[in-house]
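Taking it in order: structure first as structure tokens, then the write-up.
The values are calculated or read from the model by the stated rules, or taken from the named source; none is laboratory data. What you see is a predicted model; the values in this text were computed from it and never measured. Positions of Cβ are backbone-derived with ideal geometry, glycine not excepted, and every protein chain shown enters the neighbour counts.
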Amino acid sequence: MSKLDESRIPVLVGCGQITEKNVELQDARNPVEMISDSARLAAEDCGIGDKAFTSLGAIATMGLSVDAAVVPNPLTGSYANLPKSIANNLGIEAEEYFYSTTGGNTPQMLVNKFSEKIAEGIIDSVLLCGGEALNTMMQLFNTGGPLETWFDSPGGEPTMIGDARPAGTDLERGYNLSVPSNVYPLFENALQHHYGRNHKEHMRKLGELYSPLSEVAVDNPLSWFPQKRTPEELISVNEKNRYIAFPYPKLLNSIIMVNQSASIIMMSLQKAKSLGIDENCMVYLHGCGDANDIWDISDRINYHSSPAIRRIGEEALEMAGKTIDDIDYLDIYSCFPSAVQIACDELGIAHDDPRGLTVTGGLPYFGGPGNNYTMHAIAEMMNTLRANPGKYGLLNANGWFITKHSLGIYSTSPIKTPWKRKDPTSYQQELLDQESPNFVAEANGNATIETFTVLFDRTGPEHGIVIGRLDSGNRFIAKTKQDNAIFHTMTKGNIIGKDGTVECVDGVNIFSF
């Protein structure tokens, strides 16, 4: 076998994480400061300090939540070139600057993409970084505190990277299906029906699914909520654990109002060795995959599966030469329980797998810092694998509404063959071409419920949402009337498959039992 070209072997060499809690407001860091500090920790983690930034090929920064199109606010666009602002704070330069679009899949997607760039000789090093200071931001908003340092225009424009399409259609957003907390319950109720459970049985399973995540969070000093939660605590609805959208009470929701940052340094094996980085720091990406499911939720094949996760799992495992049983550690993207169950089902992982489903503690308990959670998962996986040389770890990342997916398989075991992944475009289109129900904007006639949820505010239920089918098989989205008897029916039994009628009134579909 010919000797490997080490200039074409990608390797992760440094990781750094920050969780900032219990600091005086005037001492709290803004996003640039927090992200820069986690990048410094990543450089220190390489064992060579700032030398890790030598001749840096690129800096790629995860998109801040304030820049997501679904949450316009006074700080949208406050950092005109975030990666350049971070470079200035660090006192370094890079050949290129990238800024990502919205999506929880983004950190893993960028590891995959820049690994490919290194393998192709396009680049030899990159700093991947991101974070959120939303907890501090909200305190400043609420107190009228100064936000002057949360604006910077360092010049130039970053290259946007990632899929910038909005989450769904205008019609879906018109039915309040624009934010994850309203959409993931649709998948959850469909899963309950798919598994053949009643509501009480299913909720017990959700408690049993997420309680172990909270146990991992307790042992992680970086967790935002390091508190063990019993299954019963997680699913009991009360003043402190009210419904957000049925069937999820607050403790089963990802928590975004955190101050957390994580950074990763990647480079070619040749550059890592030339800089004197110890081989014990090195973690290799053995397998990866990226794919989207059908973009709009109104056009999905169903609401209990993800063909894209199944496919990228197959691609990543084949690339790594492993089966799912060969994997020692897992981090399954855990924004909501439906995301975990669907990913496990598609990857062939039991919901109660003895390996555990997280190395961080999960987004509701470790913390869900916007698009950057998976950067923390990668950092935790790096540290776990360094402590257990030769073992393998798998993590998946999920953007929007079980829409955008990325997956990576890692190990300290060196790559033994030239690094090459299958081009994701070679399998993407066949995922999008799978047949799905025809969707109609205006619906009238007899109808059957396909899935549903009820949205709540602090005082109680606001309105119900139904995705259903007409007798013709056409799919529609509808609201229910604001009626407590209807809300009671929707939250007390399995109504999927139940019949009713739908009528379009002034452009809005209204479903009635």
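If LEU127 passes every condition in (1) within 30 Å of THR480 (Cβ to Cβ); (2) touching a Pro at 6+ places or on another chain (Cβ under 9 Å) but one, which one does it miss?
Looking at each condition in turn, LEU127 falls short on (1).
Residues to consider are PHE452, PHE401; find the one that is outside the structural domain of LEU317 (by TED's automatic domain parsing), touching a helix residue (DSSP H, G or I) at 6+ places or on another chain (Cβ under 8 Å), closer than 26 Å to PRO307 by Cβ and among the aromatic types (Phe, Trp, Tyr).
Going through PHE452, PHE401 in turn, the sole match is PHE452.
Answer yes if at least one residue in the range 463-477 is in a loop (DSSP other than H, G, I, E, B), within 32 Å of the chain's Cα centre (by Cα), charged (D, E, K, R) and surrounded by 11 or more Cβ atoms within 10 Å (Cβ to Cβ), and no otherwise.
Within the range 463-477 (the criterion being in a loop (DSSP other than H, G, I, E, B), within 32 Å of the chain's Cα centre (by Cα), charged (D, E, K, R) and surrounded by 11 or more Cβ atoms within 10 Å (Cβ to Cβ)), the answer is no, since none of the residues qualifies.
Could you please find all residues in the range 30-64 being at pLDDT below 95 and small (Gly, Ala, Ser)?
Across the range 30-64, the qualifying residue is only SER55.
Please verify whether LEU363 is part of a strand (DSSP E or B) and buried (at least 24 other Cβ atoms within 10 Å of the Cβ), treating the condition exactly as stated.
Taking the combined requirement at face value, the residue does not satisfy it.
What number of residues in the range 98-151 are assigned to a strand (DSSP E or B) and either free of Cβ contacts under 8 Å to residues at least 12 places away in the same chain or more than 16 Å from PRO10 (Cα to Cα) (or both)?
8
With the checklist (1) modelled with pLDDT of 95 or more; (2) aliphatic (A, V, I, L, M); (3) over 30 Å from LEU12 (Cβ atoms); (4) within 17 Å of the chain's Cα centre (by Cα) in hand, flag the one item VAL179 doesn't pass.
That leaves (1) as the condition not met.
Determine the pairs where a residue that is within 26 Å of VAL13 (Cα to Cα), located within the range 391-413, has a partner that is acidic (Asp, Glu) and part of a strand (DSSP E or B) with Cβ atoms under 8 Å apart, the partner being 6 or more residues away or on another chain.
GLY393/ASP331; LEU394/ASP331; LEU395/ASP331; ASN396/ASP331; HIS405/ASP290; SER406/ASP290; LEU407/ASP290
For every residue, the table says whether it meets (1) assigned by TED's automatic domain parsing to the domain that holds TYR284; (2) farther than 20 Å from SER406 by Cβ; (3) buried (at least 21 other Cβ atoms within 10 Å of the Cβ).
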{"residue": "SER125", "(1), (2), (3)": "yes, yes, yes"}
{"residue": "GLN139", "(1), (2), (3)": "yes, yes, no"}
{"residue": "ASP152", "(1), (2), (3)": "yes, yes, no"}
{"residue": "GLY174", "(1), (2), (3)": "no, yes, no"}
{"residue": "PRO180", "(1), (2), (3)": "no, no, yes"}
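Looking at the range 252-270 only, could you name the residues that are of a type outside the set (Gly, Ala, Ser) and crowded, with 23+ Cβ neighbours inside 10 Å?
LEU252, VAL258, ASN259, GLN260, ILE264, ILE265, MET266, MET267, LEU269 - these are the residues of the range 252-270 that are of a type outside the set (Gly, Ala, Ser) and crowded, with 23+ Cβ neighbours inside 10 Å.
Spot the failing condition for SER426; the list is (1) of a type in the set (Gly, Ala, Ser); (2) outside the structural domain of VAL283 (by TED's automatic domain parsing); (3) more than 20 Å from LEU186 (Cα to Cα); (4) under 29 Å from the mean Cα position of the chain (by Cα), and only one is missed.
All conditions are met except number (2).
Taking the options SER268, SER263, SER305, name whichever one is over 30 Å from SER125 (Cα atoms), touching a helix residue (DSSP H, G or I) at 6+ places or on another chain (Cβ under 9 Å) and of a type in the set (Ser, Thr, Tyr).
Result: SER305 is the single residue among SER268, SER263, SER305 that is over 30 Å from SER125 (Cα atoms), touching a helix residue (DSSP H, G or I) at 6+ places or on another chain (Cβ under 9 Å) and of a type in the set (Ser, Thr, Tyr).
Does ALA387 fit the bill of being under 20 Å from ASN220 (Cα atoms) and either modelled with pLDDT under 95 or surrounded by fewer than 23 Cβ atoms within 10 Å (Cβ to Cβ) (or both)?
Taking the combined requirement at face value, the residue satisfies it.
Got at least one residue in the range 89-107 being over 22 Å from SER178 (Cα atoms), out of contact with any Asp or Glu (no Cβ under 8 Å at 6 or more places or on another chain), in the same structural domain as ASP290 (by TED's automatic domain parsing) and of a type in the set (S, T, N, Q)?
No, the range 89-107 has no match at all.
Which of the residues spanning the range 1-27 are buried (at least 19 other Cβ atoms within 10 Å of the Cβ) and small (Gly, Ala, Ser)?
Result: GLY14, GLY16.
Go through the range 282-333 residue by residue and tally those that are part of a loop (DSSP other than H, G, I, E, B), crowded, with 21+ Cβ neighbours inside 10 Å and among the basic types (Lys, Arg).
1
In the range 99-122, what residues are farther than 22 Å from THR403 by Cα and either surrounded by fewer than 19 Cβ atoms within 10 Å (Cβ to Cβ) or not hydroxyl-bearing (Ser, Thr, Tyr) (or both)?
GLU116, LYS117, ILE118, ALA119, GLU120, GLY121, ILE122
For SER115, all conditions in the list (1) farther than 30 Å from ALA217 by Cα; (2) among the small types (Gly, Ala, Ser); (3) at pLDDT 95 or above hold save one; what is the number of the exception?
All conditions are met except number (1).
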